[in-house]
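*Asks:* I have a structure I would like to understand better, so I am pasting it below and will then ask my questions one at a time.
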Amino acid sequence: MYSFSPKLRLVSIILLVAGLVLFGVGYFMNHAIDDTKIEHMMEAVNASGHNNPTHSSQLVGPQDHEAHLKHAKHQVHNQPLATLHFVSVFAFGVACAVMFFYSIQHAAHAGWPVIISRVMEAIGGFIPWGGAVVLIIMVLNVTHNGHLFHWMDPNVINPDHEDFDVILYEKSKFLNIPFYVFRNILYVVGASFFAWKLRAQSKKVDVTKSPREYQFLYRWSIGYIAFFSLASASWAWDWLMSIDSHWYSTMYIWYSMVSCLASAIAVVIILSVYLKKNGFLPQFNDNHLHDLAKYLFASSMLWTYTWFAQFMLYWYANVPEEANYFFGRFEHYEESFLPMLIPNFLIPLLVMVSSSIKRNYKVVTAMAFVVIFGHLWDYFNMVMPGTVGPYWRTPEVLLLTVGSILFISGLFMLTTLMTLAKLKLIPEGNPFLKESKIFEYPF
């Protein structure tokens with residue numbers, strides 16, 4: 001059994017509290033920004049000569065000073081909710097992707113990862129907590145206390161209003177608040193249920209050592225794969241792509257999901273190595289690390305393919321509403337948009353292509369942290385341009401971002417390790433356990 005040490009528990013609580021404090025300071029600093037300061041911020045952006053919008057809504061409706069000021073006010077005051085949104089959606093997606101990876105192994109009757117199956121079940125313990133944060137953000141948006149999603153403004157689907165947007169009117173059959181709320185609840189409740197059910201069924205297999213109970217674990221794993229395949233596509237539309245609802249991409253659901261999948265494998269590596277080095281999981285060996293590192297490398301390259309395919313096709317077609325998505329990022333996020341490829345593609349490619357490196361605990365663990373950082377950065381680029389626009393180079397955004405990351409990291413660590421402490425680390429009833437213990441990579 002794993003014992004959640006008081007020291008590590010204290011660290012997770014400190015992260016939680018420090019995150020809340022920094023977020024609170026950033027929130028009050030943001031709340032103190034008045035209209036006069038926002039006008040000065042607008043003037044500074046316009047003086048730079050970069051006038052491409054970061055959101056398609058800026059091209060629809062009145063184009064006078066008052067309209068631009070209203071939009072800028074929304075963007076500036078979106079800062080707290082936007083930072084918490086991108087971090088919480090990312091963390092929720094990572095936990096769900098861990099359970100997806102777990103379910104794939106059961107569906108394939110794979111023997112090698114049985115040793116780390118309880119690690120993945122423990123990470124699934126974060127899902128209801130991370131989902132609760134996402135649902136709180138949803139409530140703030142649908143009650144119009146937040147303005148992350150332009151399509152939630154009732155004026156844009158009113159043909160008699162000056163802000164009427166024909167594109168959003170046509171999309172309102174899917175993008176409407178009641179259906180959005182239903183989908184959000186379905187994502188969180190569904191993922192939480194499957195995480196609990198898979199964990200409970202795995203425990204039952206341990207107790208009974210029954211092939212019949214293992215067969216049920218297999219079936220529930222298949223069920224979660226089907227659920228995740230549909231839900232992860234839909235929440236990518238809802239939580240990320242609909243931020244700028246004029247724009248859409250058929251690659252986006254793969255792009256955002258693979259980002260979470262690469263990070264999910266990285267989290268599994270970090271927790272598995274931690275347990276190994278502290279004597280809790282001596283059965284975890286170089287061969288298990290090698291296979292996890294292969295998945296980390298492969299998913300990083302797959303993410304790069306989806307990123308480039310999406311970018312190349314939209315840039316080549318040069319359709320204004322689509323190219324605008326990238327123009328705004330090039331102009332206002334030049335320090336963030338393309339440099340993100342360094343931790344997500346270049347470093348994994350240069351470091352992890354060697355087979356022998358994949359057995360080095362220090363290097364692979366370091367690469368896991370690099371990948372998580374890179375894909376969190378990726379989610380920053382997905383969310384912030386369409387919600388905050390060019391107003392992100394401020395001390396408030398720095399405090400809010402660091403605070404959100406610390407808070408969610410502390411919550412992730414606390415809930416994962418608390419769940420792990422309730423589980424037997426070795427699933428003795430799994431029929432493939434012996435195969436996992438003697439697993440040896442042949443090359």
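The values are calculated or read from the model by the stated rules, or taken from the named source; none is laboratory data. Worth saying up front: this structure is predicted, and the values here are computed from it rather than measured. Counting neighbours? That spans all protein chains shown, and the Cβs are built from the backbone with ideal geometry, glycine included. These accessible areas exclude ligands, DNA and RNA; they are computed on the full protein's heavy atoms, side chains included. Shrake-Rupley method; radii C 1.70, N 1.55, O 1.52, S 1.80 Å.
*Asks:* If I ask for residues that are of a type in the set (Lys, Arg) and farther than 17 Å from LEU423 by Cβ, which ones from region 172-224 would you list? So that I can check it myself, show each step before the final result.
*Replies:* Initially, region 172-224 is screened for residues of a type in the set (Lys, Arg), giving 173, 183, 197, 199, 203-204, 209, 212, 219.
Hits for region 172-224 are LYS173, ARG183, ARG212, ARG219.
*Asks:* Restricting to region 366-404, name every residue that is over 14 Å from LEU81 (Cα atoms), buried (at least 23 other Cβ atoms within 10 Å of the Cβ) and of a type in the set (Gly, Ala, Ser).
*Replies:* Across region 366-404, the qualifying residues are ALA368, GLY374.
*Asks:* If I go through region 1-51 residue by residue, how many of them are at pLDDT 80 or above, outside any helix (DSSP H, G or I) and either open to solvent by 70 Å² or more (accessible area, probe 1.4 Å) or touching an Asp or Glu at 6+ places or on another chain (Cβ under 7 Å) (or both)?
*Replies:* Within region 1-51, residues that are at pLDDT 80 or above, outside any helix (DSSP H, G or I) and either open to solvent by 70 Å² or more (accessible area, probe 1.4 Å) or touching an Asp or Glu at 6+ places or on another chain (Cβ under 7 Å) (or both) number 3.
*Asks:* Same structure again: Can you pull out every residue in region 233-254 that is within 18 Å of HIS375 (Cα to Cα) and open to solvent by less than 10 Å² (accessible area, probe 1.4 Å)?
*Replies:* Residues satisfying the conditions are ALA236, TRP239, LEU240, TYR252.
*Asks:* Output the number of residues of region 149-181 satisfying the condition of being surrounded by 12 or more Cβ atoms within 10 Å (Cβ to Cβ) and closer than 21 Å to TRP235 by Cβ.
*Replies:* 14
*Asks:* If you scan region 187-197, which residues turn out to be in contact with a helix residue (DSSP H, G or I) (Cβ under 7 Å, 6 or more places away or on another chain) and closer than 17 Å to TRP235 by Cβ? Steps first, please.
*Replies:* Going through region 187-197, the residues in contact with a helix residue (DSSP H, G or I) (Cβ under 7 Å, 6 or more places away or on another chain) turn out to be 187-188, 190-192, 194-195, 197.
Answer for region 187-197, where residues must be in contact with a helix residue (DSSP H, G or I) (Cβ under 7 Å, 6 or more places away or on another chain) and closer than 17 Å to TRP235 by Cβ: TYR187, VAL188, GLY190, ALA191, SER192, PHE194, ALA195.
*Asks:* Would you please name the residue that is most open to solvent (accessible area, probe 1.4 Å), looking only at residues in region 324-346 that are touching a residue at least 24 places away in the same chain (Cβ under 8 Å) and closer than 19 Å to SER299 by Cα?
*Replies:* Out of the qualifying residues, it is ILE342.
*Asks:* How many residues does region 182-193 contain that are open to solvent by 50 Å² or more (accessible area, probe 1.4 Å) and under 20 Å from the mean Cα position of the chain (by Cα)? Walk me through how you get there before you give the answer.
*Replies:* Just the residues of region 182-193 that are open to solvent by 50 Å² or more (accessible area, probe 1.4 Å), to begin with: 182, 185-186, 189, 193.
Pick out the ones that are also under 20 Å from the mean Cα position of the chain (by Cα) and you get 185-186, 189, 193.
Within region 182-193, residues that are open to solvent by 50 Å² or more (accessible area, probe 1.4 Å) and under 20 Å from the mean Cα position of the chain (by Cα) number 4.
*Asks:* For region 52-79, which residues satisfy the criterion of being open to solvent by less than 10 Å² (accessible area, probe 1.4 Å) and either in a loop (DSSP other than H, G, I, E, B) or of a type outside the set (S, T, N, Q) (or both)?
*Replies:* THR54, HIS55, ALA72, VAL76, ASN78
*Asks:* Among the residues of region 255-283, what is the count of those that are among the polar types (S, T, N, Q) and surrounded by fewer than 21 Cβ atoms within 10 Å (Cβ to Cβ)?
*Replies:* Initially, region 255-283 is screened for residues among the polar types (S, T, N, Q), giving 256, 259, 263, 272, 278, 283.
Restricting the remaining residues to those that are surrounded by fewer than 21 Cβ atoms within 10 Å (Cβ to Cβ) gives 278, 283.
Summing the residues that are among the polar types (S, T, N, Q) and surrounded by fewer than 21 Cβ atoms within 10 Å (Cβ to Cβ) in region 255-283 gives 2.
*Asks:* While we're looking at this one, here's another question. From the list GLY125, GLY146, exactly one residue is under 19 Å from the mean Cα position of the chain (by Cα) and either surrounded by 18 or more Cβ atoms within 10 Å (Cβ to Cβ) or in a helix (DSSP H, G or I) (or both). Which is it? It would help to see each step written out before you state the result.
*Replies:* Details: GLY146 fails: under 19 Å from the mean Cα position of the chain (by Cα).
Checking each option against the conditions leaves just GLY125.
*Asks:* Pairs under 9 Å by beta carbon, first residue part of a loop (DSSP other than H, G, I, E, B) in region 410-435, partner surrounded by fewer than 15 Cβ atoms within 10 Å (Cβ to Cβ) and among the β-branched types (Val, Ile, Thr), six or more apart or different chains?
*Replies:* GLY429/VAL207; GLY429/THR208
*Asks:* If you don't mind, another one. Out of all the residues in region 102-122, which are open to solvent by 10 Å² or more (accessible area, probe 1.4 Å), touching a helix residue (DSSP H, G or I) at 6+ places or on another chain (Cβ under 8 Å) and under 20 Å from MET257 (Cβ atoms)?
*Replies:* Scanning region 102-122 gives ILE104, GLN105, HIS106, ALA107.
*Asks:* Does ALA226 meet the test of being of a type in the set (A, V, I, L, M), part of a helix (DSSP H, G or I), surrounded by 14 or more Cβ atoms within 10 Å (Cβ to Cβ) and at pLDDT 95 or above? Explain how you work it out, then say what you get.
*Replies:* Numbers: of a type in the set (A, V, I, L, M): yes; part of a helix (DSSP H, G or I): yes; surrounded by 14 or more Cβ atoms within 10 Å (Cβ to Cβ): no; at pLDDT 95 or above: yes.
No; evaluated as a whole, the condition is false for this residue.
*Asks:* If you go through region 285-305 one residue at a time, do you hit one that is open to solvent by less than 10 Å² (accessible area, probe 1.4 Å), over 30 Å from LEU425 (Cα atoms) and touching a Phe, Trp or Tyr at 6+ places or on another chain (Cβ under 8 Å)?
*Replies:* Yes, because at least one residue in region 285-305 is open to solvent by less than 10 Å² (accessible area, probe 1.4 Å), over 30 Å from LEU425 (Cα atoms) and touching a Phe, Trp or Tyr at 6+ places or on another chain (Cβ under 8 Å).
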